[in-house]
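Remarks on the structure that follows.
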Amino acid sequence: MNTLYKTLTIALLLALTSCGLIRPKYAYSYEMLTENSDSPTLTYTDSAISIYFSIEQKNIYFSLINNGPEPIKVIWDETVIIRDNIPEPIVNSSVSFDVKHLPQIPTVIPPGRSIVNTITPKHNIYWDSDIEENGYDDGKWKVYDLFPVHDWGSKSKKDAIYNSVGQTFSVYMPMVIGNDKKPYEFTFKIADVYKREY
């Protein structure tokens, strides 16, 4: 009976979390380790580009400016998020999750122009068919967190969350600048983990 109670409790907590009724317990702060970057602002600049990152709970937001005289093409199908040395394919925010399995058209940025986009690990996107909320009777797309934001009362999960401080991950984002391909890789570190106060 006790095992059944625990199982039902965990299932209820997961359901409430997916519905947004349980707020994240932990939050993360980050530093950027890439050379020529401004670590506190997660910004990188060179003669060709300026890029600003904001690492959110489920995805990575960025703003990219073309600083040079040549057009820039972002190659989405070669862009990956690397965690634990494992490259994870991404979906950029101009693509519907319904067609996330299809090739992604590269984005061209003319000189002096910019784009705003969000990248999400493809394997973190899933279809939840067991919900019925806000008119979504047949389910809807959902996204797992980039890093754990709940410990569910488990000391081992809590310790794992706090022990993630110092871990690194990166965004590998190849770009074609004029006729030359440049393999940009932006590396980040989890600088701190803290409990949210509501």
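Just a few scattered comments:
- Exposure proxy shown here: for 78, 197, the number of other Cβ atoms within 10 Å sets the order, fewest to most, as 197, 78.
- Amide hydrogen neighbours beyond the local backbone of residue 34, cut-off 5 Å, H modeled: 187
- Rounded to whole numbers, the Karplus 3J(HN,Hα) couplings from phi for segment 152-161 are 6, x, 9, 5, 5, 5, 4, 4, 4, 5 Hz, using 6.51 cos²θ - 1.76 cosθ + 1.60 with θ = phi - 60°, and x at Gly and Pro.
- Gain upon complete extension [residue 36, residue 145; 0.36 nm per residue less C-alpha separation]: 36.4 nm
- Descending principal axes extents, segment 24-107, alpha-carbon based, whole Å: 45, 36, 23
- Kirkwood hydrodynamic radius of segment 32-72, from the reciprocal of the average inverse Cα-Cα distance over all distinct pairs: 10.9 Å.
- In order through segment 33-40: 3J(HN,Hα) via Karplus (6.51 cos²θ - 1.76 cosθ + 1.60), integer Hz, x for Gly, Pro: 9, 5, 4, 6, 9, 9, 4, x
- A Förster radius of 41 Å combined with the Cβ-Cβ distance from residue 25 to residue 73 puts the calculated FRET efficiency at roughly 0.50.
- Packing, taken as the mean count of other beta carbons within 10 Å per residue, orders the peptides 66-77, 34-45 from highest to lowest as 66-77, 34-45.
- Stokes-Einstein D (µm²/s) once Rh is taken as the Kirkwood radius of segment 2-195 over alpha-carbon pairs, at 20 °C in 1.002 mPa s: 115 µm²/s
- Sorting 150, 101, 123 from the fewest to the most surrounding beta carbons within 10 angstrom yields 101, 123, 150.
Since every read-out is calculated from the coordinates, none of them should be taken as a lab result. None of the values given here were measured: they were computed from a predicted structure. Methodologically, a virtual Cβ is constructed for each residue, glycine included, from the backbone with ideal geometry; neighbour enumeration extends over all protein chains shown.
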